[in-house]
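The values are calculated or read from the model by the stated rules, or taken from the named source; none is laboratory data. Predicted model only: the values in this text are computed from it and were never measured. Cβ sites come from the backbone with ideal geometry, for glycine too, and all protein chains shown count toward neighbours.
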């Protein structure tokens with residue numbers, strides 16, 4: 001089976017849904033930010049602070065290329081990963097891309113207590129969320145499928161993904 005890539009803005013449920021989905025379909029789960037933190041030996045927020053966003057995006061691209069050579073993975077991608085044309089092409093060629101969506105207000109509520117969100121460490125995080133969503137929307141729209149996560153549980157999102165997978169893999173995942 002090709003990889004399943006969960007994309008979307010931070011706070012849309014990619015990691016939670018990814019863990020549940022991988023468990024349900026008995027596949028390995030990979031959280032890209034966690035993998036980068038392990039390799040670098042520091043938190044994403046510190047990578048941004050010390051080496052900048054371009055350096056982080058380079059690490060993301062390198063990791064994506066490694067993951068794309070594998071199969072049977074459920075991958076939670078960083079929120080901005082898909083905004084690079086080469087990354088988008090890699091995602092689409094090596095897997096099924098599922099975009100998780102939520103309103104700016106829901107995202108704000110889900111992320112407002114976290115200090116590990118370097119792009120939201122600003123004076124008006126809700127405005128920043130809206131700005132980034134507007135910029136990223138054309139990329140997120142290129143996913144194979146999109147699921148709104150505002151008013152449903154992670155388990156319900158997983159059920160929707162499993163229905164999608166049954167269309168792609170009628171003989172089972």
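Which members of the stretch 30-49 meet the condition of being at pLDDT below 95 and loosely packed, with under 13 Cβ neighbours inside 10 Å? If the condition is that a residue be at pLDDT below 95 and loosely packed, with under 13 Cβ neighbours inside 10 Å, then 49 is the only one that fits. Annotation: of all residues in the stretch 128-137 being more than 13 Å from residue 7 (Cβ to Cβ) and out of contact with any helix residue (DSSP H, G or I) (no Cβ under 9 Å at 6 or more places or on another chain), the one that is surrounded by the most Cβ atoms within 10 Å (Cβ to Cβ) is 131.
When each of 110, 136 is tested for being over 17 Å from residue 16 (Cα atoms) and modelled with pLDDT of 80 or more, the lone residue that passes is 136. Between 91, 100, 81, 67, the distinction of being in contact (Cβ under 8 Å) with a residue 40 or more places away in the chain, buried (at least 22 other Cβ atoms within 10 Å of the Cβ), under 26 Å from residue 163 (Cβ atoms) and out of contact with any helix residue (DSSP H, G or I) (no Cβ under 6 Å at 6 or more places or on another chain) belongs to 91 only.
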